[in-house]
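Okay, so here's the structure we're looking at.
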Amino acid sequence: MERPSGATRFSCPSSTNQEVQSAPTFWVTSEELDRISHEIHIQKNEFASILADTVYYNNSLEPALYRINPGRDDEMWNQNYISLLEPKQNLDVTLMHKVEKVASLTYNWCSNFVQTLNLCPWAKLSIQSKNSIKIHILNQRMGLENMEHLVRKGALELMDLTERGKVDENSGITFVVAMLYDEDVELGVQGRDFDFETFYNFSTDLEDRLLNEDDVDMNELYCTNMQYTPVSSIGDEVIIAPFHPEWRWNSFDTQETTQQNLDLQDEPLNFEKKSPFPTISMVRSKVVFDAGEETTRRIGIHNERILSEMGSTTLEEFYKQNVYTCKNSQGDAM
């Protein structure tokens, strides 16, 4: 795949600001959230869509864990909820820490790499917004079909929240991240279906289908508990963009190892789309279209210049230091 001349595939990785990241968060299971939503008389999906900044899916499309962040919506949050959200005995703490690490790496990539190098001009706005980022994390064992389901669900959730004014459409972004089940596996080694070529082909095919299909039935499926009902397809309203730890703009024959092929893997521009895990991001289409073609052209030129000037060796070291040196929500090194 060739990188578009003078342009970048749009989606703006961003991180929450320091105030939001330092606010206390609470991990709860799906069963606990059922109980809590019943006690406070707020629909579970509504509570989670607004106050959960991270959702984890382990082996089904029913979330296994939610991270509730009170700072996302002051109007909905009530201090009396704290006692309801305290960890219970059935919380898998080991799994929770693994998922939290994936979320932290994703936030680090957004803020410490993409935003620091100004690879996306909208990143700063998202960082300054307290409720702009939503991460859906799935176990790679669930496969690409389930990842597509979560992309569609996340896109409709983003449409719902921005249309209702719960999230600013200029800063709102949703990530669907495919994590390795065993974090002891060497970084960069992906599970079945999530090697770069397979993931890239899946992502581009999904992008095309979202633009061309009629999503009426899918919208009805996902919007049962939403106040907003989309009137057009997901592809018209949301732009998706793939990222991958082994991203390379130039395709090459994997059956033949040549110096030219190895050089292509080391192209500095590959860092424009390099992420800690296979990831698909979503932003509202209107934000990108309103910026205009000239803005996207300038962004592409800037990214090519800054990455080429740094070079692959420097970028690799910068990436490791700024992405993989992370802390959890308690401030402990991970």
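The values are calculated or read from the model by the stated rules, or taken from the named source; none is laboratory data. Predicted, not measured: the structure shown is a model, and the values here were computed from it. Methodologically, a virtual Cβ is constructed for each residue, glycine included, from the backbone with ideal geometry; neighbour enumeration extends over all protein chains shown. Areas reflect the complete protein model, heavy atoms only, side chains present, ligands, DNA and RNA absent. Shrake-Rupley method; radii C 1.70, N 1.55, O 1.52, S 1.80 Å.
Would you say Ala23 is at pLDDT 90 or above and open to solvent by less than 60 Å² (accessible area, probe 1.4 Å)?
Numbers: at pLDDT 90 or above: no; open to solvent by less than 60 Å² (accessible area, probe 1.4 Å): yes.
Taking the combined requirement at face value, the residue does not satisfy it.
This table checks each residue for (1) aliphatic (A, V, I, L, M); (2) buried (at least 21 other Cβ atoms within 10 Å of the Cβ).
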residue: Ser111; (1), (2): no, yes
residue: Ser126; (1), (2): no, yes
residue: Leu161; (1), (2): yes, yes
residue: Gly165; (1), (2): no, no
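Across segment 60-87, what is the number of residues that are assigned to a helix (DSSP H, G or I) and either charged (D, E, K, R) or touching a helix residue (DSSP H, G or I) at 6+ places or on another chain (Cβ under 6 Å) (or both)?
Counting residues in segment 60-87 that are assigned to a helix (DSSP H, G or I) and either charged (D, E, K, R) or touching a helix residue (DSSP H, G or I) at 6+ places or on another chain (Cβ under 6 Å) (or both) gives 3.
Say whether the condition of being open to solvent by less than 20 Å² (accessible area, probe 1.4 Å), modelled with pLDDT of 95 or more and closer than 17 Å to Leu51 by Cβ is met by at least one residue in segment 146-154.
Within segment 146-154, one or more residues are open to solvent by less than 20 Å² (accessible area, probe 1.4 Å), modelled with pLDDT of 95 or more and closer than 17 Å to Leu51 by Cβ.
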